[in-house]
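*Asks:* First the structure, which I've put down as structure tokens, then a few questions once you've had a look.
The values are calculated or read from the model by the stated rules, or taken from the named source; none is laboratory data. Just so we're clear, the structure is a prediction, and the values are computed from it rather than from any experiment. Here the Cβ positions follow ideal geometry from the backbone for every residue, glycine too, while neighbour counts run over all protein chains shown.
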Amino acid sequence: MSESMYDIVILGGGSGGYAAALRGAQLGMKVALIEADKVGGTCLHRGCIPTKALLHAAEVADMARDSGHFGVNATFEGIDMERVNTYKDQIIGKLHKGLQGLVGHHNITYVTGWGTLVAPDTVEVDGTRYQGRNVVLASGSYSRSLPGLEIGGRVMTSDQALTMDWVPKSAIVLGGGVIGVEFASVWKSFGVDVTIIEALPHLAPNEDESLSKALERAFRKRKIAFKLGARFSSVTQDDSGVTVSLEDGSTLQADILLVAVGRGPATANLGYEEQGIPMERGFVLANERLHTGVANVYAVGDIVPGLQLAHRGFQQGIFVAEEIAGLEPATIVESGIPRVTYCDPELASVGLTEKQAREKYGDAVTISEVNLAANGKSGILGTAGFIKLVGVKDGPIVGVHMIGARMGEQVGEAQLLVNWEAYAEDVAPLIHAHPTQNEAMGEAALALAGKPLHAHN
Ligand SMILES: Cc1cc2nc3c(=O)[nH]c(=O)nc-3n(C[C@H](O)[C@H](O)[C@H](O)COP(=O)(O)OP(=O)(O)OC[C@H]3O[C@@H](n4cnc5c(N)ncnc54)[C@H](O)[C@@H]3O)c2cc1C
């Protein structure tokens, strides 16, 4: 039996789903948000927020270790995982409560339970049907594994790694992408011997090659081991640890294995195929207006092919709510979505890599790179790195690529430069405060405009 008619029925309360719900409600629509687990989804409970809490604890550990360098007498005595988890869980708990409050405040009908799409306009939860003039699919993603690689015990994904109440002596991380390098960074700071195995030729393989190479240099310096172009073959485990075999015949041993080989779309057995939703390898295919081509069914977040990032999900959720409300929002440009990898050192980027820009603009591509060694605040923090701008001659800045401590905080300006198609000449006279790391962005713009200030030429 149909409970009542909604303007929007949303399946999944993660970043994409709850953003669509909040924006839809703000626009005066009657919204039902269906969530089997907890509102906030992967990002809040098993993703962005808990990993960043661990990374901050890792930074504090490193600061304690290095405190003597700054003339501060402190001793690093170890990691109390129980208290790290308490700190992490308190942050999640507070944000979760805030989000529940927001959903309640907007009079969104929040349904707890497992939903399935039983008609293009209807989601069923425990026998109750929620019918919508529009339906938004937002069921998110799960940690992938490899064929024959079973998760359990000492072999874990980020889900289990985030709830560990002990610090291993050693860890093997399968996958040198965002999640893999973030965990490797945390564990190294916690005193763990870490080895990353990556099948591709570089760590952070989706980034501009200069960032990947700089990250590799930084990780070498931090004594984080990695094997590139190395393919996993099998793993065994017993009471004392795991043994990982690679295709080249070598074996590695450690206390645990983290499987960080990417995330798959959570779309199986939800009725999507039965209702004719176009799918490919489990992903939901939607057009640039996030419409699936079936009735009034939209899709947002990690189930839509592309960057699996929370802020992409948020923006897609907002977009769909506004689209449904008839506001004709501007489409989202995938390359304009900022990307941050929060390991130490941080990677932050937006727009085209140098290689992508050269494919598109050929010889018109211009590059400027400013080393953080010349930046006062970076020296104070003791970080190495650089900011690289990719521009087009007589045209805009099309890519920004950064590595170094706290570079994630610079991505705000970076995304404005790229998304507003700023010209270096226009940015050059704009003032960047001294002494900030942000000055390095200003300096890079000056250099791209042909008038670098702190340069020997
Ligand atoms: C370890 C880790 C670290 C990450 N760090 C970052 C980061 O720093 N920055 C960043 O931008 N992104 C990060 N991400 C990615 C980010 O978490 C995802 O991109 C984001 O959560 C995707 O949002 P979503 O709404 O598509 O899906 P999800 O957040 O996965 O939400 C989907 C929701 O749908 C619910 N659901 C699924 N099926 C049903 C059903 N049938 N009925 C009812 N409910 C259902 C699920 O319970 C879930 O709550 C990280 C991910 C991981 C795993």
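*Asks:* Could you run through region 82-92 and say how many residues are of a type in the set (Asp, Glu) and either within 16 Å of the ligand (Cβ to nearest atom) or in the same structural domain as Ala161 (by TED's automatic domain parsing) (or both)? So that I can check it myself, show each step before the final result.
*Replies:* Our first condition is that a residue be of a type in the set (Asp, Glu); within region 82-92, this holds for 82, 89.
Subsequent filtering for residues that are either within 16 Å of the ligand (Cβ to nearest atom) or in the same structural domain as Ala161 (by TED's automatic domain parsing) (or both) retains 89.
Residues in region 82-92 being of a type in the set (Asp, Glu) and either within 16 Å of the ligand (Cβ to nearest atom) or in the same structural domain as Ala161 (by TED's automatic domain parsing) (or both): 1 in total.
*Asks:* Does Ser368 satisfy being of a type in the set (Gly, Ala, Ser), farther than 22 Å from Arg222 by Cα and at pLDDT 95 or above?
*Replies:* Values: of a type in the set (Gly, Ala, Ser): yes; farther than 22 Å from Arg222 by Cα: yes; at pLDDT 95 or above: yes.
When the stated conditions are applied, Ser368 passes them.
*Asks:* Which one is nearest to Ala325 (Cα to Cα) among residues in region 28-48 that are more than 7 Å from the ligand (Cβ to nearest atom) and surrounded by fewer than 19 Cβ atoms within 10 Å (Cβ to Cβ)?
*Replies:* Only one residue tops the list, namely Gly28.
*Asks:* For Leu95, indicate whether it is of a type in the set (A, V, I, L, M, F, W, C), within 14 Å of the ligand (Cβ to nearest atom), within 22 Å of Ala161 (Cβ to Cβ) and surrounded by fewer than 16 Cβ atoms within 10 Å (Cβ to Cβ).
*Replies:* Values: of a type in the set (A, V, I, L, M, F, W, C): yes; within 14 Å of the ligand (Cβ to nearest atom): yes; within 22 Å of Ala161 (Cβ to Cβ): yes; surrounded by fewer than 16 Cβ atoms within 10 Å (Cβ to Cβ): yes.
Taking the combined requirement at face value, the residue satisfies it.
*Asks:* Let me spell it out: the conditions are (1) of a type in the set (S, T, N, Q); (2) surrounded by 19 or more Cβ atoms within 10 Å (Cβ to Cβ); (3) under 16 Å from Gly17 (Cα atoms); (4) near the ligand (Cβ under 9 Å from one of its atoms), and Asn134 meets all of them except one. Which number is the exception?
*Replies:* (4)
*Asks:* Please state which of the following conditions Glu59 fails to meet, knowing it meets all the rest: (1) within 16 Å of the ligand (Cβ to nearest atom); (2) modelled with pLDDT under 95.
*Replies:* Unmet for Glu59, out of (1) within 16 Å of the ligand (Cβ to nearest atom); (2) modelled with pLDDT under 95: (2).
*Asks:* While we're on this one: Looking at Ala53, Ala74, Ala61, which is the one that is within 25 Å of the chain's Cα centre (by Cα) and over 16 Å from Ala161 (Cα atoms)?
*Replies:* Numbers: Ala53 fails: over 16 Å from Ala161 (Cα atoms); Ala74 fails: within 25 Å of the chain's Cα centre (by Cα).
It is Ala61.
*Asks:* Right, next: Tell me which residues, restricted to region 155-173, are touching a residue at least 12 places away in the same chain (Cβ under 8 Å) and within 14 Å of the ligand (Cβ to nearest atom). Reasoning before the result, please.
*Replies:* Initially, region 155-173 is screened for residues touching a residue at least 12 places away in the same chain (Cβ under 8 Å), giving 155-159, 161-173.
Those that are touching a residue at least 12 places away in the same chain (Cβ under 8 Å) and within 14 Å of the ligand (Cβ to nearest atom): Met156, Thr157, Ser158, Asp159, Ala161, Leu162, Thr163, Met164, Val173.
Residues checked against (1) touching a residue at least 12 places away in the same chain (Cβ under 8 Å); (2) on the phi > 0 side of the Ramachandran plot; (3) surrounded by 15 or more Cβ atoms within 10 Å (Cβ to Cβ); (4) touching a helix residue (DSSP H, G or I) at 6+ places or on another chain (Cβ under 8 Å):
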| position | (1), (2), (3), (4) |
| --- | --- |
| Gly313 | yes, no, yes, yes |
| Pro338 | yes, no, yes, yes |
| Tyr342 | yes, no, yes, yes |
| Lys355 | yes, no, no, yes |
| Ala364 | yes, no, no, no |
| Ile367 | yes, no, yes, yes |
| Leu372 | yes, no, yes, yes |
| Asn375 | yes, no, yes, yes |
| Gly379 | no, no, no, yes |
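*Asks:* Return a yes/no flag: does region 71-81 have any residue that is in contact with a helix residue (DSSP H, G or I) (Cβ under 6 Å, 6 or more places away or on another chain) and either within 16 Å of the ligand (Cβ to nearest atom) or in the same structural domain as Asp165 (by TED's automatic domain parsing) (or both). So that I can check it myself, show each step before the final result.
*Replies:* Initially, region 71-81 is screened for residues in contact with a helix residue (DSSP H, G or I) (Cβ under 6 Å, 6 or more places away or on another chain), giving 74, 76.
Checking which are either within 16 Å of the ligand (Cβ to nearest atom) or in the same structural domain as Asp165 (by TED's automatic domain parsing) (or both) leaves us with none.
No; the residues of region 71-81 include none that is in contact with a helix residue (DSSP H, G or I) (Cβ under 6 Å, 6 or more places away or on another chain) and either within 16 Å of the ligand (Cβ to nearest atom) or in the same structural domain as Asp165 (by TED's automatic domain parsing) (or both).
*Asks:* Do we have any residue at all in region 144-154 that's touching a residue at least 24 places away in the same chain (Cβ under 8 Å) and not in a loop (DSSP other than H, G, I, E, B)?
*Replies:* No, region 144-154 contains no residue that is touching a residue at least 24 places away in the same chain (Cβ under 8 Å) and not in a loop (DSSP other than H, G, I, E, B).
Conditions tested, residue by residue: (1) touching a Ser or Thr at 6+ places or on another chain (Cβ under 6 Å); (2) closer than 14 Å to Leu211 by Cβ; (3) not basic (Lys, Arg).
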| site | (1), (2), (3) |
| --- | --- |
| Gly379 | no, no, yes |
| Ile387 | no, yes, yes |
| Gly391 | yes, no, yes |
| His401 | yes, yes, yes |
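*Asks:* Something else about it: Which numbered condition in (1) surrounded by fewer than 20 Cβ atoms within 10 Å (Cβ to Cβ); (2) within 16 Å of the ligand (Cβ to nearest atom) is the only one that Arg220 fails?
*Replies:* Answer for Arg220: the failing condition is (2).
*Asks:* Check whether at least one residue in region 64-82 is over 21 Å from Pro168 (Cα atoms), surrounded by fewer than 17 Cβ atoms within 10 Å (Cβ to Cβ) and of a type in the set (D, E, K, R), and report yes or no.
*Replies:* Yes, there is a match, as at least one residue in region 64-82 is over 21 Å from Pro168 (Cα atoms), surrounded by fewer than 17 Cβ atoms within 10 Å (Cβ to Cβ) and of a type in the set (D, E, K, R).
*Asks:* Still on this structure, please answer the following. Look through region 399-440, keep the residues that are more than 23 Å from Tyr342 (Cβ to Cβ) and among the hydrophobic types (A, V, I, L, M, F, W, C), and return whichever of them is surrounded by the fewest Cβ atoms within 10 Å (Cβ to Cβ).
*Replies:* So the residue we want is Ile431.
*Asks:* Quick check on Asp126: is it within 11 Å of the ligand (Cβ to nearest atom), without any contact (Cβ under 8 Å) to a residue 60 or more places away in the chain and surrounded by fewer than 21 Cβ atoms within 10 Å (Cβ to Cβ)?
*Replies:* On the way: within 11 Å of the ligand (Cβ to nearest atom): yes; without any contact (Cβ under 8 Å) to a residue 60 or more places away in the chain: yes; surrounded by fewer than 21 Cβ atoms within 10 Å (Cβ to Cβ): yes.
Taking the combined requirement at face value, the residue satisfies it.
*Asks:* Sticking with this structure for a sec: Might you let me know whether region 329-345 holds any residue that is more than 24 Å from Thr42 (Cβ to Cβ), more than 16 Å from the ligand (Cβ to nearest atom) and in a strand (DSSP E or B)?
*Replies:* The answer is no; no qualifying residue exists.
*Asks:* May I ask you to list the residues in region 255-281 that are under 27 Å from the mean Cα position of the chain (by Cα), more than 23 Å from Cys48 (Cα to Cα) and either surrounded by 23 or more Cβ atoms within 10 Å (Cβ to Cβ) or of a type outside the set (D, E, K, R) (or both)?
*Replies:* Restricting attention to region 255-281, the residues satisfying the condition of being under 27 Å from the mean Cα position of the chain (by Cα) are 255-270, 272, 277-281.
So of that shortlist, the ones also more than 23 Å from Cys48 (Cα to Cα) come out as 255, 268-270, 272, 277-281.
Once the filter is applied, which keeps residues that are under 27 Å from the mean Cα position of the chain (by Cα), more than 23 Å from Cys48 (Cα to Cα) and either surrounded by 23 or more Cβ atoms within 10 Å (Cβ to Cβ) or of a type outside the set (D, E, K, R) (or both), region 255-281 yields Ala268, Asn269, Leu270, Tyr272, Ile277, Pro278, Met279.
*Asks:* While we're here: Mind listing whichever residues of region 156-172 are in a helix (DSSP H, G or I) and surrounded by fewer than 20 Cβ atoms within 10 Å (Cβ to Cβ)? Give the derivation first.
*Replies:* Within region 156-172, the subset in a helix (DSSP H, G or I) is 158-161.
Residues satisfying the conditions are Asp159, Gln160.
*Asks:* Now for a different question. So Ala25 passes all but one of these: (1) of a type outside the set (Val, Ile, Thr); (2) touching a His at 6+ places or on another chain (Cβ under 7 Å); (3) within 11 Å of the ligand (Cβ to nearest atom). Which condition number does it fail?
*Replies:* Single failed check for Ala25: (3).
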